[in-house]
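Report on one structure; see the data block that follows.
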């Protein structure tokens, strides 16, 4: 009895007898034809296979295949129906993938990682103006809309974004100080800065007359809702020369950054010489004290002239001059309430107080060659700007 492979002795010597395989022993082995395969098998694409079963799907990794899980192959499986390993970008939604749009990944609703696109994933898709993951986060909101002032999101160029008008302006600048003079003294003080020489009170004593008042001049540009203003008093009613100062509460600019803007509304009326209408001997300036130091003048583009020497007092009173002689100042008459603006950039990082100093020469005497009052009204004082640090 010969086994599957025996040697036959002939006159030609020892010759191999052709092999005959049965069962699955040859399944998946390389072949040139069916004779090299087991019984009931065929040589398909160079491999022994069962009849009618293609190489992909035979549970064997044939040449040209990356995988083959047999009946488990599928376009939603780890091994696709074409015996390729499922990967993101192949256009098939495989295990662990929420989507797969092939070459459109990253430009449509599916990301390069085969996840459904969402705001913040770094990809701008239809319905989004921007994506904070794809651009400077300060220019794009968490809802994937372009940042604008008023969207409640603090973006690039904004110090704040809030409807709280005690903290944030309508242009998204931080408010460091705000006083409409409607709610009381609120820490404001006032003082005599420069008393007149020989203030012996033989006629009138020079006084600090600053006070909150409802006696607001009936001139243009002051809202009907404004009930109170600061008023210097009329220095024509006291003996000069001298000056007084209204002083704000402390304003904290330690976190402020340029531009830092001072805004206030004011009305002023300072006497002039009747025969010299552009000759001003009285006026007012704005000052700043840094960290408790001396007051220094704040230069403003709105100053209307220079305080000059009008020759001093008459009637035997020694010649005495305005303490602010030579200063650029508010002089003359404003005719209406006007807004004033100044820059406080030099005081960033400090704590300051604002000073509003009004000065007169001999206003109390109201000589025949003079005309008018020496008075100043102030309202709606604001300081606002940017803040330091990254947004």
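One residue alone among 138, 155 is in a helix (DSSP H, G or I), at negative phi and not assigned by TED's automatic domain parsing to the domain that holds residue 379, and that residue is 138.
Check region 333-340 and report whether any residue there is over 44 Å from the mean Cα position of the chain (by Cα), modelled with pLDDT under 95 and under 30 Å from residue 249 (Cβ atoms). First the steps, then the outcome.
Narrowing region 333-340 to residues over 44 Å from the mean Cα position of the chain (by Cα): none.
No; the residues of region 333-340 include none that is over 44 Å from the mean Cα position of the chain (by Cα), modelled with pLDDT under 95 and under 30 Å from residue 249 (Cβ atoms).
Examine region 308-315 for a residue that is under 30 Å from residue 349 (Cα atoms), at pLDDT below 95 and crowded, with 16+ Cβ neighbours inside 10 Å, and state whether such a residue exists. Can you show your working first?
Just the residues of region 308-315 that are under 30 Å from residue 349 (Cα atoms), to begin with: none.
No, that holds for no residue.
Which residue out of 100, 131, 208, 161 is in a loop (DSSP other than H, G, I, E, B) and in the same structural domain as residue 232 (by TED's automatic domain parsing)?
Working: 100 fails: in the same structural domain as residue 232 (by TED's automatic domain parsing); 131 fails: in the same structural domain as residue 232 (by TED's automatic domain parsing); 161 fails: in the same structural domain as residue 232 (by TED's automatic domain parsing).
Residue meeting the stated conditions: 208.
For beta carbons closer than 7 Å, sequence separation of 6+ or different chains, a first residue in region 269-290 that is in the same structural domain as residue 303 (by TED's automatic domain parsing) and modelled with pLDDT of 95 or more and a second that is part of a loop (DSSP other than H, G, I, E, B) and surrounded by fewer than 20 Cβ atoms within 10 Å (Cβ to Cβ), the qualifying pairs are 285/327; 286/298; 286/300; 287/298; 288/298; 290/350.
The values are calculated or read from the model by the stated rules, or taken from the named source; none is laboratory data. Just so it is clear, the model here is predicted, and its values are computed rather than measured. Because the Cβ atoms are built from the backbone with ideal geometry, glycine has one as well, and the counts that use them run over all protein chains shown.
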